[in-house]
Amino acid sequence: MTSDHTIPVDGPLPWTRACFVCGEENPRGFQLKMRAEAGRVVADYVTRDSDRGYSEIVHGGLMMTLLDEVMAWAAIVRAGRVCVAAEVTTRLKQPIGIGRTLRIEGEITNARPRLLLAESRILGDDGELLLSGSGKYVPLEGAEADRFIEDFVSGGDAIDPATLLHGPNA
């Protein structure tokens with residue numbers, strides 16, 4: 001990753017009210033808090049019994065959702081605009097068990113005004129690569145972006161959404 005594609009801030013990121021992954025008011029979601037750290041978006045997570053797919057294995061779709069989230073936030077922070085996935089690809093390296101402590105990381109590898117390319121990974125607490133992903137993210141514009149911006153919240157020492165969202169419609 002080149003320095004012109006690094007995330008320009010460090011610290012706890014804001015979240016939303018409704019999002020399945022970071023939404024504070026979504027009782028069925030992860031309610032995950034993320035942070036910008038050394039040019040990446042990072043989150044820590046311990047898999048729950050409710051994340052179960054088969055037997056003692058976490059559902060792969062839920063883990064893909066976590067990869068998408070850190071890549072989307074990396075795109076948002078890098079672009080200074082609300083961004084959404086246009087394409088996401090994942091590769092499971094090995095099954096993830098219930099009760100496992102995970103580190104989820106996402107970063108931008110290429111940024112253009114209308115398209116951001118990202119990579120992500122889920123690591124076990126031993127640093128082992130469990131799942132990797134890549135994605136293409138597009139910034140939203142106009143009323144569509146404004147609707148999303150209204151859902152952002154922050155608190156405590158989280159970076160103010162107004163600091164992150166500095167592009168059109170911010």
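Any read-out appearing in this document is the output of simple, stated calculations on the displayed coordinates, not a laboratory observation. Bear in mind the structure is a predicted one, so any value in this text is a computation, not a measurement. Don't worry about glycine lacking a Cβ; one is built from the backbone with ideal geometry, like all the others, and counts go over all protein chains shown.
Sort out for me the Cα centre separation of the range 60-123 from the range 24-53, rounded to whole Å.
12
Mind checking which of 82, 43, 97 is farthest towards the positive end of the range 38-129's charge dipole, using Cβ charges of +1 (Lys, Arg) and -1 (Asp, Glu) about the Cα centre?
The residue sitting most towards the positive pole is 82.
Ignoring GluC sites (Glu not before Pro) that are buried or in helix or strand per DSSP, and keeping those with at most 16 other beta carbon atoms within 10 Å, what is the longest stretch of the chain between them?
Excluding the exposed sites themselves, the longest stretch runs over 57-127.
Can you pull the three principal axis extents for the Cα set of the range 3-164, in Å, largest first?
45, 32, 27
For every other residue with a beta carbon closer than 14 angstrom to the beta carbon of residue 29, add +1 if it is Lys or Arg and -1 if Asp or Glu, then tell me the sum.
The answer is -2.
Which FRET efficiency value, to the nearest 0.05, is calculated for residue 123 and residue 10 with the Förster distance at 30 angstrom and r the Cβ-Cβ distance?
Working from the Cβ atoms, E equals 0.95.
Once Lys and Arg get +1 and Asp and Glu get -1 on their Cβ, which of 155, 117, 131 lies farthest toward the positive end of the dipole of the range 117-170?
Working it through, the farthest residue towards the positive pole turns out to be 117.
Computed from the mean reciprocal separation of all distinct C-alpha pairs, what Kirkwood hydrodynamic radius does the range 36-112 have, in Å?
It is 13.4 Å.
What distance in nm separates the two pseudo spin-label positions at residue 20 and residue 157, each 7 Å out from Cα along the beta-carbon direction?
That separation, rounded to one decimal, is 3.2 nm.
Compare 95, 12, 27 in a GNM of the chain, Cα atoms joined below 10 Å, and give the one with the largest fluctuation.
Of 95, 12, 27, the Gaussian network model singles out 27 as fluctuating most.
Please work out the ratio of the alpha-carbon Rg of the range 68-170 to 2.2 N^0.38 Å and round it to two decimals.
Here the answer is 1.18, to two decimals.
Please report, in debye to the nearest 20, how large the charge dipole of the chain is about its Cα centre when each Lys and Arg carries +1 at its beta carbon and each Asp and Glu carries -1 there.
Charge dipole of the chain: 360 debye, to the nearest 20.
Calculate the FRET efficiency for residue 49 and residue 141 from the Cβ-Cβ distance with a Förster distance of 30 Å, rounded to the nearest 0.05.
0.15
Which value, in debye to the nearest 20, gives the size of the charge dipole of the range 1-67 about its Cα centre, when Lys and Arg are +1 and Asp and Glu are -1 at the Cβ?
Dipole magnitude for the range 1-67 comes out near 140 debye.
If a/c stays under 1.5 just call it rounded; otherwise compare a/b with b/c (prolate if a/b is bigger, oblate if not). Do that for the range 112-170, with a ≥ b ≥ c from the square roots of the Cα gyration tensor eigenvalues.
Oblate is the answer for the range 112-170, as a/c is 1.5 or above yet b/c matches or exceeds a/b.
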